[in-house]
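Novice: Can you read through this structure? Questions will come right after.
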Amino acid sequence: YRAYAQDRDEFYYGKFPDHFEWGVATSAYQIEGGWNEDGKGPSIWDKFAHKGRLLGKVTGDVTCDSYHLYEEDVRILSELGVNFYHLSLSWSRILPDGTAGSYNQKGVDYYNNIINALLARNITLMVALYHWDLPQALEDKGGFRSDLIVDWFEDYARICFEQFGDRVKLWLTFNEAYVISFFGYGVGEHAPGVRDPGVGVYKAAHNIIRSHTRAYHLYTNHFKEKYGGSVSIALDIEWKEPLTDSEEDYLAADRAIQFKLGWFGNAIFGGSGDYPEVMKHYVAEKSRRQGFSSSRLPEFTEEEKKLNNGAFDYLGLNHYTTHLVTQSNTTTMRPHYEDDQDIEILNDPCWAPCKADWLRVNPWGIRYILRWIKEHYGNPPIYITENGRATDDSLEDWDRIYYYKYYINEVLKAIRLDNVDVRGYSAWSLMDNLEWTNGFDERFGFYHVDFTSSKRPRRPKQSAYFYRELIANNGFPR
Ligand code: BG6
């Protein structure tokens, strides 16, 4: 960690490598609307929103209306000059009840139309199979807590690879496996709203890893030769900066990364096919003291470990912010993922806050986490799959420009000074959209969307012009 403190504050003038790819991201539930049109089945987010669980009791029933306005999306993508568009597919639009038997041609047609319109404008695709919107019918059968999810996900992945694989070269299985597990099945703040932070949270995560691995091998064994695409998973992680110089805090910060990024990343990228040792040790120890007969962290079989290990073609990184971490001995006896780690998380008051209360601006954090990944996972090819900040409702979004300029500059430093193998970058987000439980209150877009107008007009903010220029220059030439 200490060696990292060099050239933190210097701006680096230079270009990105020649074939570096620039993109922007969105996700199905956040932009599509058309929640029950043309045969789409309900997802867990439809149900959650209809129960009034989002800020202001809003829903994603219409949101940016991309189900009808996708041509407008393609137009603004082309205006931005991106090389690729990172979107997600709605599982229940393609398979209304989640299973292969419920195949919905109209849902498939919708995505074919988008893909073809993008390719006609020379924009390639990064497609996430799962960005949080599980078909409700599958949640009713246990969702990610059921071992059957691995088969359901494999069937869904097969259909997507068959239908779109000839044109999609970059695939992501899951977006933010941590958020799905912790917020969906741990504290219940996200759909499906399950509160089981000691046991269910680990079970859901376990099944996400198993599902990812299954889909990865499905692609590799049956589609790779024909289509030549790449498959990964998008994992979200902050940089974790030790609060003090003490050894305890350094270990605590590293443990925090292992418990979040390593929870999923270690099995896939870390070389053992298994959870990080430190995580296995801490959860087992806490479970024993709490009277459980075995660790609350499930175990992989030897066969599963072999399949997990190396189940990637690249690594997808979602990164937004930095945390300060300090050692803290949790004294409560409650079985809880957070308490399992013996850490406390704080914010440095020097890091500017933003409209999203969890997000503080600290550009060098992205370089540090990239280096951490290189050092721990053997320098895999990396795509930054999400990065961005929220601002107020304004077209003059200078704070967003500041954020992108300095974060992207730190990515350039990671490539040029630290030899991290970053291949592409997709910003969050193309346009303002439904920010999950925060409703329409947080605006992350390069394009402003007027949610009060039925036409949902998209208008470029200042940051859109900035990003367009950055892409055209491929970085920051002097
Ligand atoms: C990322 C998600 O974690 O954060 C995106 O992958 C999301 O889908 C973004 O929109 C912003 O988060 P939030 O919670 O402020 O909407």
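A short reminder: the numbers here are calculations on the coordinates, not readings from a lab. Keep in mind it's a predicted model, so treat the numbers as computed, not measured. Every residue, glycine among them, receives a Cβ derived from its backbone with ideal geometry; neighbour counts consider all protein chains shown.
Novice: P(r) for the chain: what percent of alpha-carbon pairs falls in each 20 Å bin, starting at zero?
Specialist: 25, 61, 14, 0
Novice: If contacts are Cα pairs under 8 angstrom and at least 6 residues apart, what is the relative contact order of segment 353-442 in percent?
Specialist: Relative CO of segment 353-442 lands at 37 percent.
Novice: Sticking with this structure for a sec: In cubic angstrom, how much convex hull volume per residue do the alpha carbon atoms of segment 96-182 span?
Specialist: Spread over its residues, the Cα hull of segment 96-182 gives 96 Å³ apiece.
Novice: Sticking with this one: For segment 319-478, compute the orientation-averaged projected area of the C-alpha convex hull (one quarter of its surface), in nm².
Specialist: Details: hull surface 48.8 nm².
If you wrap the Cα atoms of segment 319-478 in a convex hull and average its projections, you get 12.2 nm².
Novice: HN-Hα J couplings of segment 268-285 from phi, Karplus 6.51/-1.76/1.60, θ = phi - 60°, integer Hz, Gly and Pro as x?
Specialist: So the Karplus estimates, Gly and Pro as x, are 8, 10, x, x, 9, x, 10, 5, x, 4, 5, 6, 4, 5, 5, 5, 5, 5 Hz.
Novice: With the calculation restricted to Cα positions, what are the radius of gyration and Dmax of segment 170-229 in angstrom?
Specialist: Radius of gyration, then largest Cα-Cα span, for segment 170-229: 14.3, 43 Å.
Novice: Hey, can you grab everything whose amide H is under 5 Å from the amide H of Val422? Only 5+ residues off in sequence or another chain; H modelled, so Pro and N-termini drop out.
Specialist: Ile382
Novice: Quick check for me: using +1 on Lys/Arg Cβ and -1 on Asp/Glu Cβ, what's the dipole size of the chain about its Cα centre, in debye to the nearest 20?
Specialist: Using Cβ point charges on Lys, Arg, Asp and Glu, the chain gives about 480 debye.
Novice: Along the charge dipole of the chain, which of Tyr111, Trp91, Asn433 sits closest to the positive end, that is, farthest toward it, with unit charges on the beta carbon of Lys, Arg, Asp and Glu (+1, +1, -1, -1)?
Specialist: Result: Tyr111.
Novice: Looking only at Cα atoms, what is the convex hull volume of segment 226-315 per residue, in Å³? Please list the in-between numbers first.
Specialist: Working: hull volume 10.7 nm³, N = 90.
Cα-based convex hull of segment 226-315, divided per residue, equals 119 Å³.
Novice: Right, another one. How much length would be gained if the chain were fully extended between Glu469 and Phe11, taking 0.36 nm per residue of separation minus their Cα-Cα distance, in nm to one decimal?
Specialist: Here the answer is 163.1 nm.
Novice: Any idea what diffusion coefficient segment 42-146 gets from Stokes-Einstein, in µm²/s, Kirkwood Rh on alpha carbon pairs, 4 °C, 1.567 mPa s?
Specialist: So the translational diffusion coefficient is about 86 µm²/s.
Novice: Now, a different point. Would you mind calculating the gained length between Glu285 and Ser102 on full extension (0.36 nm times residue separation, minus the Cα-Cα distance), in nm to one decimal?
Specialist: Working: separation 183, 0.36 × 183 = 65.88 nm, distance 4.46 nm.
That works out to 61.4 nm of additional length.
Novice: Residues with amide H under 5 Å of Ser230's amide H, sequence separation 5 or more or different chain, H placed in the peptide plane at 1.01 Å from N; which?
Specialist: Leu170, Trp171
Novice: Once amide H atoms are built 1.01 Å from N in the peptide plane, which residues 5 or more positions from Glu386, or in another chain, come under 5 Å H to H?
Specialist: Leu317, Asn318, His319, Ser426
Novice: Provide the gained length on full extension for the span Thr330 to Ser293, in nm with one decimal, where the gain is 0.36 nm per separating residue minus the Cα-Cα distance.
Specialist: Fully extending the segment from Thr330 to Ser293 adds 11.2 nm.
Novice: Apply the Karplus curve 6.51 cos²θ - 1.76 cosθ + 1.60, θ = phi - 60°, to the phi angles in segment 31-48 and return the couplings in whole Hz, x for Gly and Pro.
Specialist: 10, 6, x, x, 5, 10, 8, 6, x, 5, x, x, 10, 5, 6, 4, 5, 4
Novice: Still on this structure, I have one more. Through the Karplus equation 6.51 cos²θ - 1.76 cosθ + 1.60, θ set to phi - 60°, convert the phi angles of segment 402-412 into ³J(HN,Hα) values in whole Hz; use x for Gly and Pro.
Specialist: Here the 3J(HN,Hα) series is 4, 4, 5, 4, 7, 5, 5, 5, 5, 5, 4 Hz.
Novice: Okay, moving on. Out of the DSSP beta bridges found with both residues in segment 329-461, what percent are antiparallel (nearest 5)? Intermediate results must be reported in sequence, preceding the final value.
Specialist: Numbers: 6 of 10 bridges.
If I count the DSSP bridges inside segment 329-461, around 60 percent turn out antiparallel.
Novice: Express the relative contact order of the chain as a whole percentage, based on alpha carbon pairs under 8 Å and six or more residues apart in sequence. Each step should come with its number before you reach the end.
Specialist: Numbers: 982 pairs, mean separation 84.6, N = 478.
With pairs under 8 Å counted, the relative contact order is 18 percent.
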